[in-house]
1. Taking the options Ile70, Ile49, Ile79, name whichever one is open to solvent by less than 30 Å² (accessible area, probe 1.4 Å) and in a strand (DSSP E or B).
2. Working only within region 184-204, note down all residues that are open to solvent by 60 Å² or more (accessible area, probe 1.4 Å) and either free of Cβ contacts under 8 Å to residues at least 12 places away in the same chain or in a strand (DSSP E or B) (or both).
3. Considering only residues of region 327-352 that are open to solvent by 70 Å² or more (accessible area, probe 1.4 Å) and in contact (Cβ under 8 Å) with a residue 40 or more places away in the chain, which is nearest to Gly370 (Cα to Cα)?
4. Testing Asn221 on (1) farther than 23 Å from Ser99 by Cα; (2) out of contact with any Phe, Trp or Tyr (no Cβ under 9 Å at 6 or more places or on another chain); (3) among the polar types (S, T, N, Q), one condition comes back false. Which one is that?
5. Tell me which residues, restricted to region 168-183, are crowded, with 16+ Cβ neighbours inside 10 Å and in a loop (DSSP other than H, G, I, E, B).
6. Name every residue in region 265-303 that is part of a strand (DSSP E or B) and of a type outside the set (A, V, I, L, M), in order of residue number.
7. Would you list the strands (runs of 3 or more DSSP E) that sit entirely within region 317-410 and hold 2 or more residues that are farther than 30 Å from Thr296 by Cβ and in contact with a helix residue (DSSP H, G or I) (Cβ under 7 Å, 6 or more places away or on another chain)?
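The values are calculated or read from the model by the stated rules, or taken from the named source; none is laboratory data. Everything quoted here is computed from the prediction, not taken from an experiment. Cβ coordinates were reconstructed from backbone atoms using ideal geometry, including for glycine residues, and neighbour counts include every protein chain displayed. Accessible surface areas use protein heavy atoms only, side chains included; no ligands, DNA or RNA. Shrake-Rupley method; radii C 1.70, N 1.55, O 1.52, S 1.80 Å.
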Amino acid sequence: MKNKIILFFSYSVYLIFCYCTSARLATFYSDEIYSDAAYVENLKTNTAILEKNADKKRSPASLTKMMTFIVAYEKIKNIYETKVIVSQEVLDKVDPESSGVKLKPTEEISVYNLMQCMLICSSGDAAMVLGHFAGDGNISEFVNQMNEKSKELGCTNTNFMNPDGFYDENQYSTAKDIFKIAKYAMNIPIFAEIVSKVESNIFNDERDPIVNTNKMMDPKNGGEYYCSFVKGIKTGYLSQAGRCLASYAQINSNNTYIGVIMGGPTVDKGGKAINKNYAMIDTKNIYNWASGNLKTVRFYKYDSPISQINLDVCWESDKLFLFPKNDIYISLPKNFEKDKIELKTSVPKSVDAGINPGDVLGKADIFYDGQLLKSFDLIANEKCEINYILVAIRFLKNIFTHPLFLLAFFISMIILYRRIWVRIKLQKIKERRRKIVKFPQNIGKRKNR
């Protein structure tokens, strides 16, 4: 119990510290970001290289469809063989302004191809058909599952109202939450395969092949937006949301990124329409900058001790080393200065034995030039068994040195002293009385003689 209280207090102080310093999360990018919100993370270091309004709630537009894919994929067992019959009832629920592939009533299409339509060319009708099917005929129930999954992924500022991302004032997310969704989805091989396609021919009729809305992937037709690093993921656009983009970039084997841009401007200050896609422009600028200016450095190995704490009630040792759970990598400017890197740890002064390998016992922060680069857990890497003899000795010691015990002992001594003093006093009184009684009797006898 003592151990848990100490850890709780220590973590509370750590969380307050992180809250106070989070506004200074390190970003070395100094160029202008035209879009309203951005979050870009290096997947090797698991740390952000750039943030702008990353926790601001915004309409996610068609970035919603990544969560639609996740829920449908995890519910439907065989997406290649499972066929869906498109119904007019569902098509009637699709907003007329929503992008689509013009699915036909009564046509039969595989779940896999619906997913391709939804993710490659951002088909709203495919998303609605898929949500209706995976929701067992109830789109609202499917949306409930989307919200449950978002909570499971740690999205704290996200709420969905539909599967296709069309505007609803109660449908919102943040750049950081969308990043969590995109990162989870990219670990699903089929998702990564689909979103990397520039185009796909899924129909056997007059309809053209579907073309990816992410021009950053298309060397032929991408124009100024083409970026060789980008391998996916998903575009989004609504007038209320601006231009949005979740992207995956592979600069080299040690530097892969997922970036989320939301709120790319669609009108200038004078209200004139902006034709350029600034979500893509921002993304390209960031990845080009990262390629030329950042390097990944292994800062700690998993088997290198970082901190040491006192270990109580353990017979074998009175000290315990703490280690990072994994190798710790950080992103730094290529010309970084070593003396500007600082490590700060937050650990309790001591813990009780009964520790298992992998138990989290502290936190560590890496700073560069006063800015937070990375936070990570500190764990034990050995088993420390508790010794109950030492527990008993400590228990007795705690009792005998407790202020209440000392007070009770002092009062008991006073009472005991008083009782002894009173007994001695009474004994003296009795002795005097005996002497007084005997003395008159002797006098009387002498007179009679």
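1. Ile49
2. The answer is Asn187, Pro189, Glu193, Glu199, Asn201, Asn204.
3. Restricting to residues being open to solvent by 70 Å² or more (accessible area, probe 1.4 Å) and in contact (Cβ under 8 Å) with a residue 40 or more places away in the chain, the top hit is Lys334.
4. Checking Asn221 against (1) farther than 23 Å from Ser99 by Cα; (2) out of contact with any Phe, Trp or Tyr (no Cβ under 9 Å at 6 or more places or on another chain); (3) among the polar types (S, T, N, Q), the one that fails is (1).
5. Gln171, Thr174
6. Within region 265-303, Lys295, Thr296, Arg298, Phe299, Tyr300 meet the criteria.
7. 350-352
Residues are listed down the side, and each one gets a yes or a no for (1) of a type outside the set (Lys, Arg); (2) open to solvent by 90 Å² or more (accessible area, probe 1.4 Å); (3) not in a loop (DSSP other than H, G, I, E, B):
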site	(1), (2), (3)
Val90	yes, no, yes
Val94	yes, no, no
Glu97	yes, yes, no
Gly100	yes, no, no
Thr106	yes, yes, no
Ile109	yes, no, yes
Leu114	yes, no, yes
Ser122	yes, no, no
Asp125	yes, no, yes
